[in-house]
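Down below is the structure, laid out as structure tokens.
Derivation of every value follows stated rules applied to the coordinates shown; laboratory data play no part. Since the structure is predicted, the reported quantities are computational estimates derived from the model, not experimental observations. Virtual Cβ from ideal backbone geometry, glycine too; neighbours counted across all protein chains shown.
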Amino acid sequence: MNRPRPPAPADARDRRAGVLLVNLGTPDAPTSAALRRYLGEFLADPDVVTLPRLLWWPILHGLVLRTRPARSAEAYRRIWTDEGSPLLVNTLALKDKFAAALQQRLGSKPAVAVGMRYGKPSLLAALTELRDAGVEQLLVLPLYPQYARATTGSTATALQAALRKLAWSPAHALVRGYPEQPAYIAALAESVQEHWAAHGRGGKLLVSFHGIPKQVSDTGDPYRGQCEATARLLAERLGLKDGEWRLVFQSRFGKAEWLQPYAEDALRELAANGVKDVDVICPGFAADCLETLEEIALRYAQTFRDAGGAELRYVPALNARDSHVRSLVELTLLNLRELRAAGA
């Protein structure tokens, strides 16, 4: 009787591969207490708020953390689900599909973990999981397509601190953005086309990115240029002409000038010019979260209606859609090959 042969052992290098998917983070609950903890960690990061600590600390603890948690908790309650925070739910769903697709391509089962820059699961917890799984070649993939000091840069700093704390030194590499990756652009375009097929096409497509302070951009942060590249490539892929789409920035905080044009101002202007329906996509967010589901789809939609517009239709983030998973797998395989070629 012929017995089936056991599968051939995978390359040892593949068995030792691990991927850490990083997202921004989320509070544990839509409550003032949970938001105070989360915002305290987030806004204390010097890569996020670059003011001198002696100036920022009294503002943060004397004003911001006394007033903002309650407002933020109310916003989170508007989008919270039975499963929990949308950002965490969407990121974990993406991780599961990504891990399965990556295993199929590698022919072995890589270790894949999710770590949040702020909140839980922490980067330290995720790295501990990967270390305990025997990972020797680690790829860190922040789910930020466009590099900014406040996101990918902050992740790089926290990664090194966590590795030192664990006394763990695997061969590792950090993906520093993928704003022009063809598979990522194709996935964005596919999502817009499906949205138009299901809901009709509005009078303008706004391509909205999270803003950063203008002063940070002026001192060399490449973020704006990468946002512009993504928006331009998406418009080209969709066959849009000048005037049919517009790049905008959202989520500004404080009184300082941030990257412009501001999304809210653009929506008021469009409504004043007689545009009744707009579509909005947020390519900088890999998973739907507070900034997309509450700020854009609810709050900015009301801003548009109040200014005389009729309907703002939000195009969902890529989340766990198959084309997004494929783009991240391609990115991972490319960077793993480069990591190995570098002598890992």
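Can you spot the lysines whose alpha carbon is less than 17 Å from Lys120's alpha carbon? Ignore those fewer than 8 places along the same chain.
Within reach: Lys95.
Compute the separation of the alpha-carbon centres of region 13-51 and region 307-344 and state it in Å as a whole number.
19
Report Rg (one decimal) and Dmax (nearest whole number) for region 39-142, counting Cα atoms only, units Å.
17.9, 54
Among His199, Pro52, Gln146, which residue has its Cα furthest toward the positive end of the charge dipole of the chain, with +1 on Lys/Arg Cβ and -1 on Asp/Glu Cβ?
Pro52
Rg(Cα) of region 69-110 divided by 2.2 N^0.38 Å? Before the final figure, lay out each step's value.
On the way: Rg = 15.7 Å, N = 42, 2.2 N^0.38 = 9.1 Å.
For region 69-110, the normalised Cα radius of gyration comes out at 1.72.
With N set to the residue count of region 192-265, report its C-alpha Rg divided by 2.2 N^0.38 Å to two decimal places. Don't skip to the end; give the middle numbers.
Numbers: Rg = 13.9 Å, N = 74, 2.2 N^0.38 = 11.3 Å.
Region 192-265 yields a ratio of 1.23.
What chymotrypsin sites (Phe, Trp or Tyr not before Pro) in region 236-267 are in a loop by DSSP, with at most 15 other Cβ atoms within 10 Å of the Cβ? Before the final figure, lay out the partial values.
Numbers: sites: Trp245, Phe249, Phe253, Trp258, Tyr262; in loops: Phe253.
Filter output for region 236-267: Phe253.
For region 211-344, which semi-axes, largest first and in whole Å, follow from the square roots of 5 times the eigenvalues of its Cα gyration tensor?
Details: eigenvalues 191, 72, 43 Å².
Each semi-axis is the square root of five times an eigenvalue, giving 31, 19, 15 Å.
Would you look at the GNM of the chain, springs on alpha carbons closer than 10 Å, and say which of Glu136, Glu180, Glu269 moves the most?
Looking only at Glu136, Glu180, Glu269, the biggest GNM fluctuation is shown by Glu269.
With a/c under 1.5 counting as rounded, go ahead and sort region 302-341 into rounded, prolate or oblate using the C-alpha gyration tensor (a ≥ b ≥ c being the square roots of the eigenvalues; past the cut-off, prolate if a/b is larger than b/c, else oblate). Could the numbers behind the result be given before it?
On the way: a/c = 8.00, a/b = 3.87, b/c = 2.07.
Taking the square roots of the gyration eigenvalues as a ≥ b ≥ c, region 302-341 is prolate.
One quarter of the convex hull surface, Cα atoms only: what value does that give for the chain in nm²? List each step's numbers first, then the result.
Working: hull surface 84.1 nm².
Spelled out: convex hull of the Cα atoms, projected over all directions, averaged, 21.0 nm².
What does the extension gain come out to for Asp45 and His199, with contour length at 0.36 nm per residue minus their alpha carbon separation? Kindly include the intermediate steps, with their values, before the conclusion.
Working: separation 154, 0.36 × 154 = 55.44 nm, distance 4.03 nm.
Between Asp45 and His199, full extension yields an extra 51.4 nm.
For a Förster distance of 35 Å, can you work out the FRET efficiency between the beta-carbons of Leu240 and Thr157, rounded to the nearest 0.05? Each step should come with its number before you reach the end.
Working: r = 37 Å, r/R0 = 1.07.
For R0 = 35 Å, the calculated efficiency reads 0.40.
Which distance in Å, rounded to a whole number, links the C-alpha centroids of region 122-187 and region 245-281?
About 32 Å separates the Cα centre of region 122-187 from the one of region 245-281.
Quick check: residue separation of Leu55 and Lys165 times 0.36 nm, minus the Cα distance between them. What number comes out in nm?
Extending this stretch completely gives an extra 36.7 nm.
Can you give the extra length, in nm with one decimal, that the chain gains between Ser32 and Asp132 once fully stretched, where that is 0.36 nm per residue apart less the Cα-Cα distance?
32.5 nm
Tell me, what HN-Hα J-couplings in whole Hz come from the Karplus equation 6.51 cos²θ - 1.76 cosθ + 1.60 at θ = phi - 60° for each residue of region 19-26, using x for Gly and Pro?
Running phi through 6.51 cos²θ - 1.76 cosθ + 1.60 with θ = phi - 60° gives 10, 10, 8, 10, 10, 5, x, 7 Hz.
³J(HN,Hα) across region 258-269 via Karplus (A = 6.51, B = -1.76, C = 1.60, θ = phi - 60°), whole Hz, x for Gly/Pro?
Computed from phi, the couplings for region 258-269 are 10, 4, 10, x, 6, 4, 4, 5, 5, 5, 5, 5 Hz.
For the chain, set up a GNM with springs between Cα atoms under 10 Å and report which of Thr303, Thr219, Thr26 has the largest fluctuation.
Top of the fluctuation ranking is Thr219.
Find me the longest stretch of the chain that has none of the exposed trypsin sites (Lys or Arg not before Pro), where exposed means in a DSSP loop (not H, G, I, E or B) with at most 13 other Cβ atoms within 10 Å.
Numbers: sites that count: Lys241, Lys255, Lys276.
Between exposed loop sites, the widest span is 1-240.
For region 275-344, compute Rh as the Kirkwood radius over C-alpha pairs and then the Stokes-Einstein diffusion coefficient at 10 °C and 1.306 mPa s; write the answer in µm²/s, rounded to an integer. Don't jump to the answer; show the numbers that get you there.
Values: Rh = 14.4 Å.
Roughly 110 µm²/s, to the nearest whole number.
When the helix-only estimate is applied to the chain (DSSP H runs of n ≥ 4, each -39,500 (n - 2.57), divided by the residue count), what is the mean residue ellipticity at 222 nm, nearest 500 deg cm²/dmol? Display every interim value, and only then the final one.
Values: 13 runs with 157 residues, N = 344.
About -14000 deg cm²/dmol.
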